[in-house]
Amino acid sequence: MRSPHRMAVSDPSEEISPHHPYVATSPHNPYEELGALAPNPLEDFLEEEPEDAAETPWEPPNHRRGSRRRRNRFAGLPPAAKAVVALAVAAAFLVLVDRWALLYAEHEAADKLKDQLDLSAAPEVDIEGFPFLTQVFDQRLEKVRVTVPDVAADRVSLAKVSATATDVTMKGDGPTSLTGAVIGRMRGEVLLSFDDLNRELGASQVTFTGHGRDKVYARGTLPVAGHDLKVRADARIERDGDRGVATDIDRMRLDIGDMATYRPGARDSEGLHLSRTGARRVADESSQAKALLAVPEIARRLGVPDAAVRDALRSDAKLNDVTGSPEFVDDVMRLNLIEVAAGHPALLKRLGLDPALLKGLDALTRPVLVDRLSLAFQLPKLPGEGAMRLQGVKVEEDGIRVGVEGYGIGFGG
């Protein structure tokens, strides 16, 4: 019996329509069609390598492709642009050579100045003008600036000597064979610093300060025979000849506390004298007053009659009459204690003064004290036949400035 659901097919080759009710159909997929069009990478990998590819040797990659491209670009520049680039490179090279020659010449000039002036350090030399090589070929420099620090000048050191030289004629065949130079004209200034003076002369005990245009004050302490005495002095600054600066020191005094004052010199107002405070102390202290009146020579200098002296030595009331007079304190202040010490050394000890201190003060004469506080100096003599002289002297806040001018100054061979 035939199944009612089976259908007989007479020809197997006969196409069955997809729309036949008994044929199952799947949905349409467009990605399968695209995949069929693309090559299969797995198949390409599994394919056999061609014979000619296996025989080709390996070569390293060429990394200079970009450089060749750049050279080609430069080669493509017009001739005018190439000339400009070449000129720029040549100019840069010439500037480099010019600056090297300048530095070499400055170094050689600094060494020659150091040797000829016997300086502790080489000065700073700055040759102006550009280009330098054309000046060398002409053997004439437009302007040269020189700064010399710490120049020894007698007892002091000059903080700085700066000068500008013009019309400088060089000696030598070139920048590497300079033998000397002649300065046609030079202008500059010299600085004597107060800081250097305080360190070199005062030994950190005396300080120098400017006062006005030409005065310097010296204030501080000075050790004498184990005692630190207050020192005061005024110095007037002036030019001394063509190369020197002199100081006229006046009003020098050393204070021994508030008891006495020492002024070096031979005049009556100079020497060791009691201050007003010290003289009043002697007048009030009966033992000290009697010690003075007991010396006839001193009593006569004080203007006390012999009868009044005898009464004062026996009676304190009579002593008060003598010491209480207005003239007694002034007369005591006029006594030169150094002269008193010469004949009566024990008397000074009665007055409260150390005899050793007076010996030290006696040795500290005016020339000695002036020398210790003097700011005078002389510039070192320059070589050659040229002339150099100092000009105006001016006291400023930081020190003493002096102008310098010179002509025809030669250096080197």
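Values for this structure:
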{"read-out": "Filter pass, THR179 being of a type in the set (Ser, Thr, Tyr), over 23 Å from the mean Cα position of the chain (by Cα) and surrounded by 15 or more Cβ atoms within 10 Å (Cβ to Cβ)", "value": "no"}
{"read-out": "Odd one out for ASP150, checked against (1) more than 14 Å from ILE183 (Cβ to Cβ); (2) in a helix (DSSP H, G or I)", "value": "(2)"}
{"read-out": "Odd one out for ARG251 among (1) touching a residue at least 40 places away in the same chain (Cβ under 8 Å); (2) more than 22 Å from LEU353 (Cβ to Cβ); (3) assigned to a strand (DSSP E or B)", "value": "(1)"}
{"read-out": "Hey, SER275 under 60 Å from the mean Cα position of the chain (by Cα), in contact (Cβ under 8 Å) with a residue 40 or more places away in the chain and exposed (fewer than 12 other Cβ atoms within 10 Å of the Cβ) or not", "value": "no"}
{"read-out": "Yes/no for ARG232 being over 19 Å from PHE377 (Cβ atoms) and of a type in the set (D, E, K, R)", "value": "yes"}
{"read-out": "Residue satisfying condition, being touching a Phe, Trp or Tyr at 6+ places or on another chain (Cβ under 6 Å) and under 30 Å from SER374 (Cβ atoms), within set LEU272, LEU353", "value": "LEU272"}
{"read-out": "Within the stretch 167-242, strands (runs of 3 or more DSSP E) holding 3 or more residues that are at pLDDT 85 or above and basic (Lys, Arg)", "value": "227-240"}
{"read-out": "Selected residue (only one of VAL231, VAL282 is farther than 30 Å from LEU158 by Cβ and either free of Cβ contacts under 8 Å to residues at least 24 places away in the same chain or not polar (S, T, N, Q) (or both))", "value": "VAL282"}
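Okay, residues lined up against (1) under 30 Å from ARG372 (Cα atoms); (2) surrounded by fewer than 17 Cβ atoms within 10 Å (Cβ to Cβ):
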| residue | (1), (2) |
| --- | --- |
| ASP115 | no, yes |
| ALA121 | yes, yes |
| PRO131 | no, yes |
| ARG140 | no, yes |
| THR147 | yes, yes |
| VAL156 | yes, no |
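The values are calculated or read from the model by the stated rules, or taken from the named source; none is laboratory data. All figures in this text were calculated on a predicted structure; none of them were measured in a lab. Every residue, glycine among them, receives a Cβ derived from its backbone with ideal geometry; neighbour counts consider all protein chains shown.
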